[in-house]
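So the structure is just underneath, and the comments pick up after that.
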Amino acid sequence: MRRSILNKTDTPLIVCEHVSCTYGNAPVLHDVYLKINRREFVGIVGPSGSGKTTLLKAIIGSQPVAHGSITIEPQLTIGYVPQVETVDWYFPVTVEEVIVMTRAKTKWWPQITTAERKAVREVLEKLGIADVAHRHIRELSGGQQQRVFLARAMFCQPDILVLDEPTAGVDVRTRHEILHLLADLHEGGLTILLTTHDLNGLAAHLPRLVCFNKTVLADGNPRDVLTSQILEATYGAPMEVLEHGGMPLVIDHGRVAMRGEGK
Amino acid sequence: MIFALDLLEPYGFQFFRNGLVVATIAGALCGLLGVFVILRGMSYIGHGLSHAVFGGAAASAVIKVNYFLGAGIWGIVSGLLIARVARRRVIGADAAIGVVTTASFALGLALMNRYGQASKSIEAVLFGSVLGVKVVDIYAVALVGLLGLVVVVLGYRKLLFSTFDRDVAQVSNVRVSLVEAVLLAMISLTILVTMRVIGTLLISALLVIPAASARMTTNSFSRMLWISPIIGAVTCFVGMNLSYHLDTSASATIILLDALVFVVVYAVAGTRNRAKMASLAHL
Ligand SMILES: Nc1ncnc2c1ncn2[C@@H]1O[C@H](COP(=O)(O)OP(=O)(O)O)[C@@H](O)[C@H]1O
Ligand SMILES: [Mg+2]
C-alpha cells in the first residue's frame, strides 16, 4: 500500500539543489533551490517566460539539468498535468483513451477492459465529469479539458500531483471549482505542486508560495511573500499589495505606468 | 459473364498474383504505420527514408549484394540517424536530414547512370515494378507485415502515449526513445520490403494519404488504426487490378486512387466536422 507511508509528513519528496537549465546557450533556470515535503501544497508564481514550465519538466525528468541536482524520493509516483496550451487537442483520442493510456501494461490485446472502464468512471465521477468518457477531447469546455488531464494524473494513484497552470484560460467559476478540487485532494493526503500566474485567484489561497523568475526569489506563506518589493523583483513591474478580508490582494500598476510613460 | 472473365484475366499470371499479394499487404502495412507517421508529423521522415533506402538499393545492385541486406542495413542506419537528429530537436534538423537523404538518393541515381547493367533493378526501385516481384518479396512483406501487427498490438498504449504526450509518457515510465526507435525501424523495414512494388518516389504518399483519410473519418485512435490499413489495402488491391486493365503504372494508379479516396472523404467529412479537418495540420 503506497498510501500508508503518507503519514510521515516531513520527508522531502523532491529536492532541487543549485539547478540550472539552458536551451542552447540561453540560461532558463539559474541556481534553483527548492524542497517539496510530503503533503505540502505549493504554488510557483512568476511572469510568463520565467521558467516555471521548464522547472516542472526538470523535476519530472523530461528536461535535462545542466548543473546541480534534483533528488526525487525513490518509488515516487508523479501525476503530471501539462499546461493546456501544450496539448494537441486535434489528436484523435477520446477522454477514456487519454486516461487509460497511462496503464501501459495490457494483456496481449490492448482493448480497454471492463475493470479499467469502471476505474475511469470512478475517477471521472470524483472530478465531476462522469458523462464525458466517450467524447473527443476537442469537444470539451476548458474546465472539462483541465479535469480530464487531472483525471489522467489521478488514474495512476500518484503520491504527488504536478500541475502546470491549472487555471489558465478558465472562467472564474471553473477556477473556484478546480481550486476546491485540489484542496480536497490535498486534504485527502496528496502532495501538490503547481505553477500559476493568477496571484489573487489562486496563489493567495495556497499555504506556500514560491516567487520565481529563473531562480527562487522568495519562498513562504503568501502573507510574507506577497509584498510589493518581492513582486516587483519577480515581475519587474511595479505592484501594490492591499489587504482585503484578511487576504493579500495584488494590484498591478501596469496601466498607471503606461500612462506615466506617455507624458 | 465476359466482363467477369475479363476482370479475372490478370489472375492467370503468376507475376500478377505475386504483385497483388505484395501490394495489398504493403497497403495495409503502410496504412497502419501511416497513422503514427501523420500523428507525429513525421511525413518528411517517410519521404527522407525512402530516398535514403534508394541509395542503398542502388549501391547493393552495383556491388551485387542482396537487396534486402544492402538496402536494409542502409535503411536501418539512416532511420536511426534520423531519429537521433530529430530527437535532439536542433534547429535545422530537418535540413540535415534533407541533405543526407537527398545525397543518398543522388548517389543512387549516379550509380544508375554509371553502371548501365544494374539500372534495370534500380529503375524498378525508383518507380516500382509488378513484374519484378519475386516469391522472396512475398515472404519479406508478409514477415514485416506480421511484425508490424505484433508491434502495434503489443505496444499499443506505449505507442499511443508517447505519440500523444511524449513528456508525460516519459514520467510514466514509458521508454519513449525505445518506442521511437522501434517505430522508425518498422518504417524503414516497411519501405524496404514495399519499395520494389510501389517505388521510392511514391511510397511516402502511401505512408501518408490513407492515414490522413482515416483521420478525417473518426476521432478515435483505435478506430483510425483499423480504418487506415483497410483503406491502404483496398486501394492497393483495386489499384493493382485497375492498372492491369488500364495499362498504367501500378504505383501511380494506387496513389491516384488513394488521392481520390482522400478527396471524397474530405468533401464528405469536411462539411460535417471541422475538428477532424483541422487535424490535417498534422501533415
Ligand atoms: N523548447 C524550447 N526551446 C528554446 N527555448 C525555450 C523552449 N521552451 C521554453 N523556452 C524559453 O525558456 C524560457 C522559459 O520558458 P518556460 O519554462 O515555458 O516559462 P514559463 O512556463 O514560466 O512561461 C522562455 O524564455 C522560453 O522562451
Ligand atoms: Mg509555462
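The values are calculated or read from the model by the stated rules, or taken from the named source; none is laboratory data. Being a predicted model, the structure only gives us computed values, none of them experimental. Note that we place each Cβ from the backbone using ideal geometry, even for glycine, and neighbour counts take in every protein chain shown. Heavy atoms of the whole protein, side chains included, go into the accessibility calculation; ligands, DNA and RNA do not. Shrake-Rupley method; radii C 1.70, N 1.55, O 1.52, S 1.80 Å.
Quick check: anything in the stretch B:156-166 open to solvent by 20 Å² or more (accessible area, probe 1.4 Å) and among the aliphatic types (A, V, I, L, M)?
The answer is no, given that none of the residues of the stretch B:156-166 is open to solvent by 20 Å² or more (accessible area, probe 1.4 Å) and among the aliphatic types (A, V, I, L, M).
Within the stretch B:178-186, identify whether any single residue is facing chain A (nearest Cβ under 8 Å), out of contact with any Phe, Trp or Tyr (no Cβ under 6 Å at 6 or more places or on another chain), among the small types (Gly, Ala, Ser) and open to solvent by 20 Å² or more (accessible area, probe 1.4 Å), and answer yes or no.
To start, the set of residues in the stretch B:178-186 that are facing chain A (nearest Cβ under 8 Å) comprises none.
Within the stretch B:178-186, none of the residues are facing chain A (nearest Cβ under 8 Å), out of contact with any Phe, Trp or Tyr (no Cβ under 6 Å at 6 or more places or on another chain), among the small types (Gly, Ala, Ser) and open to solvent by 20 Å² or more (accessible area, probe 1.4 Å).
I need the full set of residues from the stretch A:74-95 which are crowded, with 23+ Cβ neighbours inside 10 Å and within 15 Å of ligand 1 (Cβ to nearest atom), in order please.
The answer is A:Tyr80, A:Val81.
Check off (1) within 16 Å of ligand 2 (Cβ to nearest atom); (2) within 25 Å of A:Gly188 (Cα to Cα) for A:Leu55 and give me the number that stays unchecked.
Result: A:Leu55 fails condition (2) only.
Select from the stretch A:150-172 the residues that are away from ligand 1 (no atom under 16 Å from the Cβ) and closer than 20 Å to A:His197 by Cα and list them in ascending order. Give the steps one after another, and end with the answer.
Of the stretch A:150-172, the ones away from ligand 1 (no atom under 16 Å from the Cβ) are A:150-161, A:170-172.
Within the stretch A:150-172, A:Leu150, A:Leu161, A:Val170, A:Asp171, A:Val172 meet the criteria.
When only residues in the stretch A:24-51 that are without any contact (Cβ under 8 Å) to a residue 12 or more places away in the chain and more than 19 Å from the chain's Cα centre (by Cα) count, which is farthest from ligand 1 (Cβ to nearest atom)?
Pass one, the stretch A:24-51, residues without any contact (Cβ under 8 Å) to a residue 12 or more places away in the chain: A:24-26, A:49.
Filter once more, so that each one left must be more than 19 Å from the chain's Cα centre (by Cα): A:24-26.
Details: A:Gly24: 7, A:Asn25: 10, A:Ala26: 6 Å.
Filtering first and then ranking leaves A:Asn25.
Out of B:Val65, B:Val77, report the one residue that is without any contact (Cβ under 8 Å) to a residue 12 or more places away in the chain, under 29 Å from B:Leu109 (Cβ atoms), in a loop (DSSP other than H, G, I, E, B) and open to solvent by 30 Å² or more (accessible area, probe 1.4 Å).
On the way: B:Val77 fails: in a loop (DSSP other than H, G, I, E, B).
Just one listed residue meets the conditions, B:Val65.
Which one of these does A:Thr71 not meet: (1) within 13 Å of ligand 1 (Cβ to nearest atom); (2) part of a strand (DSSP E or B); (3) closer than 24 Å to B:Val176 by Cα; (4) open to solvent by 30 Å² or more (accessible area, probe 1.4 Å)?
For A:Thr71, the failing item is (1).
Of everything in the stretch A:74-104 that's of a type in the set (A, V, I, L, M, F, W, C) and in a strand (DSSP E or B), which residue is farthest from ligand 2 (Cβ to nearest atom)?
So in the stretch A:74-104, the residues of a type in the set (A, V, I, L, M, F, W, C) come out as A:76, A:78, A:81, A:84, A:87, A:89, A:91, A:93, A:95, A:98-101, A:104.
Then drop every residue that is not in a strand (DSSP E or B), which leaves A:78, A:81.
Values: A:Ile78: 17, A:Val81: 12 Å.
For the stretch A:74-104, the residue satisfying everything is A:Ile78.
A quick yes/no check of all residues on (1) of a type in the set (A, V, I, L, M); (2) open to solvent by 10 Å² or more (accessible area, probe 1.4 Å):
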site	(1), (2)
B:Ile203	yes, no
B:Ser213	no, no
B:Met216	yes, no
B:Phe237	no, yes
B:Leu242	yes, yes
B:His245	no, yes
B:Thr248	no, yes
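Of all residues being part of a helix (DSSP H, G or I) and over 18 Å from B:Ala269 (Cβ atoms) in the stretch B:202-221, which is farthest from the other protein chains (Cβ to nearest Cβ)? Just the residue, please. Talk me through it step by step, then tell me what you get.
So the first thing to find is which residues in the stretch B:202-221 are part of a helix (DSSP H, G or I), and the list is B:202-206, B:209-217, B:221.
Next, only the ones that are over 18 Å from B:Ala269 (Cβ atoms) stay: B:202-206.
On the way: B:Leu202: 25, B:Ile203: 24, B:Ser204: 21, B:Ala205: 21, B:Leu206: 20 Å.
Only one residue tops the list, namely B:Leu202.
Looking at (1) touching a Ser or Thr at 6+ places or on another chain (Cβ under 9 Å); (2) modelled with pLDDT of 90 or more; (3) open to solvent by 20 Å² or more (accessible area, probe 1.4 Å), find the lone condition where A:Arg152 falls short.
Unmet condition: (3).
With A:Ala58, A:Ala104, A:Ala66 as the choices, which residue is free of Cβ contacts under 8 Å to residues at least 24 places away in the same chain and either within 10 Å of chain B (Cβ to nearest Cβ) or not hydroxyl-bearing (Ser, Thr, Tyr) (or both)?
A:Ala104
Quick one: A:Pro110 ticks every box in (1) open to solvent by less than 70 Å² (accessible area, probe 1.4 Å); (2) away from chain B (no Cβ under 14 Å); (3) in a loop (DSSP other than H, G, I, E, B) bar one, so which box is it?
For A:Pro110, the exception is condition (2).
Among the residues of the stretch A:156-183, how many are more than 16 Å from ligand 2 (Cβ to nearest atom), within 14 Å of another protein chain (Cβ to nearest Cβ) and open to solvent by less than 40 Å² (accessible area, probe 1.4 Å)?
So the first thing to find is which residues in the stretch A:156-183 are more than 16 Å from ligand 2 (Cβ to nearest atom), and the list is A:156-161, A:171-183.
This time we only want the ones that are within 14 Å of another protein chain (Cβ to nearest Cβ), so: A:156-161.
Filter once more, keeping what is open to solvent by less than 40 Å² (accessible area, probe 1.4 Å): A:158-161.
The total comes to 4.
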